[in-house]
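K.L.:
Here it is, the structure in full.
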Amino acid sequence: MAGTDAIGYLAASLVLATFCMGSMRSLRYMAIASNLAFIAYGYCEDLMPVLFLHLLLLPVNIRRLAQLSAPRSDPAPATVRAKGIWQPSQEFHGRAGPQAAHRHLSGRSGRFL
């Protein structure tokens, strides 16, 4: 196996590892590492599509990682934001309970979809 092939396999392994990450921060770090490895591989093997793709993806991943560190003005807890869970506001869960939220959102009165 040539040295450049090893770089290619390393880069591919890093992409695979991004799918196994448990947090968005570790995913971005792994994606940045894979971008750097693919940039090296694309340069060494003169693979312009691979090189240009990862030259474009690298600043995207760096920016997204920086956004994770920036303070947010969103009052929702981090776990709700990370999991994308929609939480209805208190007006829906007043005395009427969750059914009122459903009636309001579906436009129907009392019937479920």
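K.L.:
Go through (1) in a helix (DSSP H, G or I); (2) surrounded by fewer than 16 Cβ atoms within 10 Å (Cβ to Cβ) one by one and return the number of the condition Leu27 breaks.
P.N.:
(2)
K.L.:
Then there is this: Cβ-Cβ under 8 Å, sequence separation 6+ or interchain: first residue in segment 21-36 and under 13 Å from Leu57 (Cα atoms), partner assigned to a loop (DSSP other than H, G, I, E, B) and aliphatic (A, V, I, L, M). Which pairs?
P.N.:
Within 8 Å, the pairs are Met30/Met21.
K.L.:
Right, something else. Yes or no: Asp74 at pLDDT below 95 and either of a type outside the set (Asp, Glu) or surrounded by 10 or more Cβ atoms within 10 Å (Cβ to Cβ) (or both)? Please lay out each step first, then the result.
P.N.:
On the way: at pLDDT below 95: yes; either of a type outside the set (Asp, Glu) or surrounded by 10 or more Cβ atoms within 10 Å (Cβ to Cβ) (or both): no.
Considered against the rule, which asks whether it is at pLDDT below 95 and either of a type outside the set (Asp, Glu) or surrounded by 10 or more Cβ atoms within 10 Å (Cβ to Cβ) (or both), Asp74 comes out as no.
K.L.:
Can you tell me which residue in segment 39-71 is modelled with the highest pLDDT, limited to those that are of a type in the set (A, V, I, L, M) and not in a helix (DSSP H, G or I)? Talk me through it step by step, then tell me what you get.
P.N.:
Start the filter on segment 39-71 by keeping residues that are of a type in the set (A, V, I, L, M), which leaves 39-40, 47-48, 50-51, 53, 55-58, 60, 62, 65-66, 68, 70.
Checking the rest, the ones that are also not in a helix (DSSP H, G or I) come to 47, 70.
On the way: Leu47: 96, Ala70: 83.
Filtering first and then ranking leaves Leu47.
The values are calculated or read from the model by the stated rules, or taken from the named source; none is laboratory data. None of the values given here were measured: they were computed from a predicted structure. Neighbour counts are summed over all protein chains in view; Cβ atoms, including those assigned to glycine, are modelled from backbone coordinates with ideal geometry.
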